[in-house]
Every structure is written in structure tokens, then in C-alpha cells.
Amino acid sequence: MAKRISVDEYFMEIAKVVAKRSTCLRRQIGAVIVKNKIIVSTGYNGAPRGLPHCIDIGCIRDELGIASGERHEVCRGVHAEQNALIQAGRAAEGATLYVNAYPCKICAKLIINAGIKRVVVSGEYSDHEGLELLKEAGINVVFLNEAEGKTADN
């Protein structure tokens, strides 16, 4: 009998597919907001609507030699979590956010204010401050161990 994947694995796989729409030259990030096991919204990282994408014009962060996790304000892109939260609006309150990298500190503040109650993460990011803010705010942060399909609450 085939093994059925967990709910967390299911929504994380969807986040990875969403990430394939990313127009960032550095990292492809996808986010999915889920409430009562129903997808509320999705988002991926890329330029604001109507503006040229980095895949078309190049990456200013690369040109300036800015390291990952630093100087977020220089990037023209909108983060996956930010796009998902914008689309969800107030429907994000009490929901779970799935994302294939640690949220940065800017996204963490938005996640907190949106009322997200649980964040499931796979993958890493050089900036750990976002995770610290989420935990300080009492948000349940779960790390999905993709090799085993298990979650570890922290």
C-alpha cells in the first residue's frame, strides 16, 4: 500500500511548485497560506507588478556584491511571503504559512501582524532573525524534515 504524504508535506510541495514562478536570479521562494486545510493564497518572489523582472534586467544585489540576508531594501523584488500575505488580506488571520526558506525579519514582522499562527519551513536562509521574531511572538514554527516527511516543532 502506498504511503500517503502528510498535510505539511502536501502544502510544502505546493509551495515548491509556486516557487518555480519566481523571477529572482538568486533564490526561488514560494509561499502558501492555508486555513482549515484550504489554500487561501500563494506567492513567489519577484518584481512588483508591472515592473521589469530581475531575470530580464539583472540583479542589483549581485552587481553591488551584497550578501544573502543583508540590505533587503536594495532588492527590487517582493518576497514570496509578502505576496501571499497581500493576496490573503484578513483571511490570513489564524492560518498556517508554508515557505521553502526561513522568513527574513521583514517578512516575519508582516507574518506576525497578519495573525498567522503557524509557519512551516523547509530549506534555510542566512538571516535567522526572522525565526527569532516569530518565536518571540508565540508563532508555532515547524521545520519540515523532507527526507523523512516529518515535522519538528520548535
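If you scan segment 13-43, which residues turn out to be at pLDDT 95 or above and buried (at least 22 other Cβ atoms within 10 Å of the Cβ)? Once the filter is applied, which keeps residues that are at pLDDT 95 or above and buried (at least 22 other Cβ atoms within 10 Å of the Cβ), segment 13-43 yields A15, V18, A19, G30, A31, V32, I33, V34, T42, G43.
Quickly run through segment 1-29 and pick out the residues that are over 15 Å from the mean Cα position of the chain (by Cα) and of a type in the set (K, R). Once the filter is applied, which keeps residues that are over 15 Å from the mean Cα position of the chain (by Cα) and of a type in the set (K, R), segment 1-29 yields K3, R4. Scan segment 100-141 for residues that are in contact with a strand residue (DSSP E or B) (Cβ under 7 Å, 6 or more places away or on another chain), among the polar types (S, T, N, Q) and closer than 23 Å to R21 by Cα and the total you get is 2.
Before we move on, is E93 open to solvent by 40 Å² or more (accessible area, probe 1.4 Å), without any contact (Cβ under 8 Å) to a residue 24 or more places away in the chain, of a type in the set (D, E, K, R) and within 25 Å of G138 (Cα to Cα)? When the stated conditions are applied, E93 passes them. Filtered by the rule that a residue be surrounded by 11 or more Cβ atoms within 10 Å (Cβ to Cβ) and basic (K, R), segment 44-61 gives a lone residue, R61.
Residues in segment 65-107 that are assigned to a helix (DSSP H, G or I) and touching a Phe, Trp or Tyr at 6+ places or on another chain (Cβ under 9 Å): A80, N83, A84.
Taking the condition touching a Lys or Arg at 6+ places or on another chain (Cβ under 8 Å), free of Cβ contacts under 8 Å to residues at least 60 places away in the same chain, assigned to a helix (DSSP H, G or I) and closer than 20 Å to A15 by Cα, does G130 pass? If you could, list the steps in order and put the result at the bottom.
Details: touching a Lys or Arg at 6+ places or on another chain (Cβ under 8 Å): yes; free of Cβ contacts under 8 Å to residues at least 60 places away in the same chain: yes; assigned to a helix (DSSP H, G or I): yes; closer than 20 Å to A15 by Cα: yes.
So G130 fits the description; yes.
Counting only residues that are more than 21 Å from A114 (Cα to Cα), open to solvent by less than 50 Å² (accessible area, probe 1.4 Å) and in contact with an Asp or Glu (Cβ under 9 Å, 6 or more places away or on another chain), segment 62-82 holds 1 of them.
The values are calculated or read from the model by the stated rules, or taken from the named source; none is laboratory data. Just so you know, these numbers come straight off a predicted model, no measurement behind them. Positions of Cβ are backbone-derived with ideal geometry, glycine not excepted, and every protein chain shown enters the neighbour counts. Areas reflect the complete protein model, heavy atoms only, side chains present, ligands, DNA and RNA absent. Shrake-Rupley method; radii C 1.70, N 1.55, O 1.52, S 1.80 Å.
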